[in-house]
Amino acid sequence: MSTLPVIVGVDGSPDSERALGWAADAARARSAPLRVVHVWPYATEERATAGDQGGDPVLAGLKDRPYLADLPEVEFQSLSGLVDPLLPTLGAEGQLLVLGSRGRGGFASLLLGSNGMACAARSACPVVVVPRPDRAGTEQGLDGEAVRPSVRQVTLGVDASSDEPAALGFAFAEAARRGARLRVVSGYTWPILPPPAFEYAALYESTQEEYEDALGVQLVDVLAPHRERHPEVEVALQVRAEDAAGQLVAASAQSDLVVVARHRRRLPIGPRLGSVAHAVLLHAVCPIAVVPETAADDAGSKGEGASGAAGGSAA
C-alpha cells in the first residue's frame, strides 16, 4: 500500500475542521499518515508573532482533537504564500487532498471557494471537497451536522463512451473500503422530437430504447475489469436520458461520496474543470471526489492510495 499521506488544508474555519475530520477518517481507513497544512497568505505580522512563539496558532488549536489520537502518524505543516497556487501543488506529495467547501475569506454566500476550485482543476492527486451541512437538500442532525445515509453508498458519474480508469478505480476502491454499494450514474442526451415528426413517435421511442440498451451494454463492459477486482462491491447501474450533473446532485442526498472524473478544459487563461465536475462541486450535498484523468487506478502501486482522500485549506 502506498505510504503517501492524506493531506488536509485548514485555516481555522468550521469548514476546514469539518474537512479535517473527514481526512482523519480517510487516513485511518488507509493506515496512512495524515498531514495537516495551514497556508498563511504572505508573512503577516500575525505570522511573525506566531513564529516567535514557536508555533502556528491555527495548527496548535487542532493538535488535541480526540479523533486524531489513534492515527498512525500526524504531521502539522505551516506554509507561507499565495493559497490558490500553493495548495494544488501539495497534491503531488499525497494520495488525497481534502478541503472544506469554504474558508475564512471570500463571500460567505458562495457554495465553493476559489481554493477548492483551483485544487480540483490542477491537483495531481484526487481532491475531496467536504460541503457545508446547510446546503439545500442536506438532512441535518440535532448538532447541525449532515446526517449520513442509512445505506452506505458511493455514487460514480461516468460517461459510458469514454475511458475513465482513474475515476472508476477510485470509486470501486472507495466503495470496497467503506463496505458500500456503488451506484454508477450515466446520462445521455436525446433530441426532442419536433412536431412534424409525431407520426414517427413509435420508431423514435424504439430507437431511443435501443440506444439506451447499447449504452448499458457498453457501460457493463467498461465496469467489468473493476468488478472482477472488487467482487465484494454491489453495483447498481443508472442510465437515463437526463443531465448527468443533475442526476449526481440528486443522488448525493443518499450518498456518502460522489466521484467524478476531472475532464479539464484547457483555455487560454489556464485549465478549468469540465461542466459536470464543476456543477457537482457547487451543488452536491455530500463530499465530492474529483479524480484527475492521469491518476493510476486502484490496481497500481499508487492507485490504492490514490483512491484515498487528501486535504487542503478550506476551498
Matching residues, the stretch 12-37, being surrounded by 24 or more Cβ atoms within 10 Å (Cβ to Cβ) and in a loop (DSSP other than H, G, I, E, B): A32
Among the residues listed as R28, R47, R65, R35, the single one being at pLDDT below 75, among the basic types (K, R) and over 23 Å from V260 (Cβ atoms): R47
Cross-chain or 6+ apart pairs with Cβ under 6 Å, the stretch 209-233 first and in contact (Cβ under 8 Å) with a residue 24 or more places away in the chain and crowded, with 16+ Cβ neighbours inside 10 Å, then of a type in the set (A, V, I, L, M) and in a helix (DSSP H, G or I): H226/L168; H230/A176; V233/A175; V233/A176
Any hit, the stretch 79-95, residues being outside any loop (DSSP other than H, G, I, E, B), among the aliphatic types (A, V, I, L, M) and modelled with pLDDT under 85: yes
Residue satisfying all of: in the stretch 118-157; aliphatic (A, V, I, L, M) and buried (at least 24 other Cβ atoms within 10 Å of the Cβ); modelled with the lowest pLDDT among these: A120
Any chance A250 is within 22 Å of V147 (Cα to Cα) and modelled with pLDDT under 90: no
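The values are calculated or read from the model by the stated rules, or taken from the named source; none is laboratory data. A quick note: this is a predicted structure, and the numbers were derived from the prediction, not measured. No Cβ is skipped: glycine too gets one built from the backbone with ideal geometry, and neighbour counts run over all protein chains shown.
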